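S.K.: The structure's right below; bear with me while I get my questions together.
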Amino acid sequence: MKTNARRTRTRARAFTLLEVLMVVIIIGLLAAFVVPNLWDVEGKQRTKLAQAAVDSGLSGTLDLYRAAMGRYPTTDEGLIALYQPPDDEYVKTILDQNIEGERCAISYYNDLMKKTKDTDIITYNMVLSILSQEVEHEEDLQALLEDLELMVQRR
């Protein structure tokens, strides 16, 4: 009787070959379905990232063209029109004036932040938010001006 009890205990602790094979088959099936989907997601993300990079570069160039010409290029002009500097000599002057205006606003908001820092936290946070937008605008205008100068040099 002791022998049967010992066999039962040993058998209860171990897995049979069939059970191990079933687990391996299930893991294999799961991997067969999951791994290709993961590769597909990575490929889609790379495609979206590349599309966003193209869109942002083309969008900035289109905005510069529209600022200079007052319109977007026609189909006949094509995208080559985006890489030719505008003929209007006042475009650089307007960009310079806008950059100076943004710098003036940044200076004003910096002074306002110093005045409200310890006295009015709500106004301070609001001015901080506006200031970050003004800095971004100034950087965008500066980038447009640099692009314009490069176009003029290539002419």
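S.K.: Answer yes or no as to whether Val152 is touching a residue at least 60 places away in the same chain (Cβ under 8 Å) and either more than 16 Å from Gly60 (Cα to Cα) or surrounded by 12 or more Cβ atoms within 10 Å (Cβ to Cβ) (or both). Talk me through it step by step, then tell me what you get.
M.R.: Details: touching a residue at least 60 places away in the same chain (Cβ under 8 Å): yes; either more than 16 Å from Gly60 (Cα to Cα) or surrounded by 12 or more Cβ atoms within 10 Å (Cβ to Cβ) (or both): yes.
The answer is yes for Val152.
S.K.: Pick out the one residue from Tyr72, Tyr90 that is modelled with pLDDT of 75 or more and surrounded by 12 or more Cβ atoms within 10 Å (Cβ to Cβ).
M.R.: Numbers: Tyr90 fails: surrounded by 12 or more Cβ atoms within 10 Å (Cβ to Cβ).
One residue alone meets the criteria, Tyr72.
S.K.: Pairs only if they're at least six apart or on different chains, beta carbon under 7 angstrom, first in region 68-80 and part of a loop (DSSP other than H, G, I, E, B), second modelled with pLDDT of 75 or more and among the aliphatic types (A, V, I, L, M); list them, first residue then second.
M.R.: Taking only residues 6 or more apart or on different chains, the pairs are Tyr72/Leu62; Pro73/Ala81.
S.K.: Do any residues in region 97-122 that are closer than 24 Å to Leu144 by Cα and surrounded by 12 or more Cβ atoms within 10 Å (Cβ to Cβ) have Cβ atoms under 6 Å from those of residues that are at pLDDT 90 or above and charged (D, E, K, R), where the two are at least six apart or on different chains, and which pairs are they?
M.R.: Hits for this filter: Glu102/Glu134; Glu102/Glu138; Ala105/Glu134; Ile106/Glu134.
S.K.: Would you mind stating whether Ala50 is among the aliphatic types (A, V, I, L, M) and either under 32 Å from the mean Cα position of the chain (by Cα) or at pLDDT 75 or above (or both)? Step through it out loud before you land on a result.
M.R.: Working: among the aliphatic types (A, V, I, L, M): yes; either under 32 Å from the mean Cα position of the chain (by Cα) or at pLDDT 75 or above (or both): yes.
Spelling it out, Ala50 is indeed among the aliphatic types (A, V, I, L, M) and either under 32 Å from the mean Cα position of the chain (by Cα) or at pLDDT 75 or above (or both).
S.K.: Filter region 123-144 for residues that are surrounded by fewer than 17 Cβ atoms within 10 Å (Cβ to Cβ) and within 30 Å of Leu62 (Cα to Cα) and give the result.
M.R.: Passing the criteria: Ser129, Ile130, Ser132, Gln133, Val135, Glu136, His137, Glu139, Asp140, Gln142, Ala143.
The values are calculated or read from the model by the stated rules, or taken from the named source; none is laboratory data. From a predicted model like this one, the values you see are computed outputs, not experimental measurements. Don't worry about glycine lacking a Cβ; one is built from the backbone with ideal geometry, like all the others, and counts go over all protein chains shown.
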